Each structure stands twice: as C-alpha cells, then as structure tokens.
Amino acid sequence: MTHREPDTGRAAVSLPWLLAAVVMIALIWGNSLVPGEGSSSISMAVVDAARGLLDALSLPSGWVTNFLVRKTAHFTEYAVLGVLVSQALDPGASARVERIVLIAGVLVLVPSVDEAIQLSVAGRSGQVADVLLDCCGAAFGSALRYAAPRRGRAGARRRGDG
C-alpha cells in the first residue's frame, strides 16, 4: 500500500516499507537502551562465536575483536535502515532532490538521536564517530538501493525485456 501524491500519481510513501523502517529504528534505539555491561557481553558472545567458527575452519581468528564486531554492527544496521528509509520515502526510485534531502535528513537524525539516547544509559556514551559511521552505513544502504533497480532495468534492456 502506498500513498500517492495528488498531482503526479507517483507514490509519495510506501507504507509497508515505512513500517519496516520504523521497526528497524525501534530495534536500533532499543539496543541503545541496553546498559554498557549487557551490550558488551552481547558483543563478546558474537566475538567468541566468530572466533570459534574461524578456529574450527583452521583460519586465523585473532583479528575478530569486540571493536570490529561493534563497528560492523553499527554500519550494517544503518545500511539496512538506509535501504528501508529510501524505499519508504522514495518508492518510485526517482532520486528527486527533495526526496534525497528528506531521506538524508532522516538518516542523520536517527543516529544522532541514537547517540543522545546512549548518554543517559549506564556504561554507554554517545560518540560523534559512531554518528559518522552510522551515516556512512545509511548512505551505503541508500546508494545500494538506488543502484539495484538501475542494474535490473539495464539488464532487461540488454535482454530485450524493457
């Protein structure tokens, strides 16, 4: 289901994608409410699992660190959010300037609020570097989402489908 702009007939917002984006934001902000000790133990469990898998495969595992896991999680969750928000707010993939500005605004606001939330949680701190990393992840996800349909259309033209 989408909401249509009155004068263009073009979809203004994709409600299912918007709902998915809101759920993702809730998950991200919910993770930020986990106290530092709990958050660290979750990250270390991932580190231990990744190292165990690599060790079982006889591959080096020392490079998997808590820092790497945490930063990769930041980038990845925001890349997913970038896909969801750009699809929700620009379902026509037209990349009009006003839509891009709206998407960028949302994708800067969400990590900024996320880091502000962490300022009030025991054992957590808001980091400007994390906002920048989150924004990079969101930009990557949005760029990926905009690039994917173009590849599909180009492939269809080469095959004679479109």
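Things to note:
- Between residue 97 and residue 136, the FRET efficiency from the beta-carbon distance, with R0 = 25 Å, is close to 0.75.
- Full extension of the segment from residue 108 to residue 129, taken as 0.36 nm per residue of separation minus the current Cα-Cα distance, would add 6.3 nm.
- In nm, spacing of pseudo-spin labels at residue 147 and residue 42 (7 Å Cα→C-beta vector): 2.9
- Zone of residue 12's modelled label, taken as backbone nitrogen in the stretch 100-117 under 19 Å from a point 7 Å along Cα→Cβ: 100-106
No value in this document is a laboratory result; all are computed from the given coordinates. Remember, it's a predicted structure, so these values are computed and weren't measured experimentally. Note that we place each Cβ from the backbone using ideal geometry, even for glycine, and neighbour counts take in every protein chain shown.
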